[in-house]
Amino acid sequence: IGAKISLRSIPRVLRKGGALLATKIALGLAAGFTLGHLIGIEPISTGWLAGLSTLAVVAAINDTNGGLYMALMEQYGSSEDSAAYSVMGLESGPFLTMLSLGAVGLSAFPWQTLVGAILPLAVGMTLGNLDPDLRTFLSNGATMLIPFFAFALGATLNLHRVWQAGLLGVALGLIVVLVSATCLILVDRLIGGNGTAGIAASTTAGNAAAVPLLVAAANPRYADAAAPATVLVGASVIVSSLLVPPLTAWWKSRVTRRDATKSPTVAT
């Protein structure tokens, strides 16, 4: 992916990735602030919402499925849209969830995550801009990787978790996609996109299911919420992964038809 990007497009990559990342952070902070005041740290213990917690909602919102996002952008977006995840990748892991919840225990940002997200892209960009033949050779590999992304994602989808979480887990996944997609489409269009990248970034990452336990390990106050939150986040991973690809395809088709309608006809 990096080999396909020219140096002139770097500002667009940073703007796109930064805007989507900032929106995800804002959504997590908003969810943490609202639910923290309504239900606090402990999970709801009775009723239809039993098991729901602030931790579960924030963890489900914060982390985007990077492999699925890049695969969708390779098909429906541009190389700059796909490369934007090199910036969004900073949301991976428990850091942003801890930040959103106001947890104490992570004193510094893990620099390894930053290097791991940026370095492969930077190497590809360097090679692609130094040698046009390498750009052509390497850029063809991006499409070849899509089946491997899809297989790895499908292999991690445990449908038993949806059944275990029940309607509450399905509802959480639907709400995450609806709220995230609405806000991210708006932001994507405000920075010059067509909204497709916004929908593709509306998933819950598979590694987000491990976040509740990691947060509880850093702050024992979340110990009671960690187990039910893991189940709910796992359901959100599955629901969002199944829902976002057809939504992205539908939105891209809609945008394409709209642009074709607006295009002026040539008089003969």
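The values are calculated or read from the model by the stated rules, or taken from the named source; none is laboratory data. Everything quoted here is computed from the prediction, not taken from an experiment. When we count neighbours, we look across all protein chains shown, and the Cβ atoms used for this are built from the backbone with ideal geometry, even at glycine. SASA here: full protein model, heavy atoms, side chains in, ligands and nucleic acids out. Shrake-Rupley method; radii C 1.70, N 1.55, O 1.52, S 1.80 Å.
Roughly how many percent of the accessible protein surface of the stretch 213-253 is carbon and sulfur, given a 1.4 Å probe and a whole-percent answer?
Within the stretch 213-253, the accessible surface is 73 percent carbon and sulfur.
Please report the net charge: other residues with Cβ closer than 9 Å to the Cβ of residue 196, K and R +1, D and E -1. It works out to a net charge of -1.
Think of the stretch 167-268 as having a plus end and a minus end, set by charges on the Cβ of Lys, Arg, Asp and Glu; of 229, 214, 185, 185 sits farthest toward the positive end of this dipole. If you add up the charges near residue 245, with Lys and Arg at +1 and Asp and Glu at -1, over every other residue whose beta carbon is less than 13 angstrom from its beta carbon, what do you get? Net charge in that neighbourhood comes out at 0. Prolate is the label for the stretch 30-84, because a/c, from the alpha-carbon gyration tensor with a ≥ b ≥ c as root eigenvalues, is 1.5 or above and a/b exceeds b/c.
Projecting label points 7 angstrom from Cα along Cα→Cβ for residue 190 and residue 136 puts them 4.2 nm apart.
The listed peptides 19-28, 178-187, ordered by packing as a protection proxy, come out as 19-28, 178-187 (highest mean of other Cβ atoms within 10 Å first). In order along the stretch 209-223, the Karplus-derived 3J(HN,Hα) couplings, from 6.51 cos²θ - 1.76 cosθ + 1.60 at θ = phi - 60°, round to 5, 8, 4, x, 5, 5, 5, 5, 5, 7, 9, x, 5, 9, 4 Hz, and Gly and Pro are given as x.
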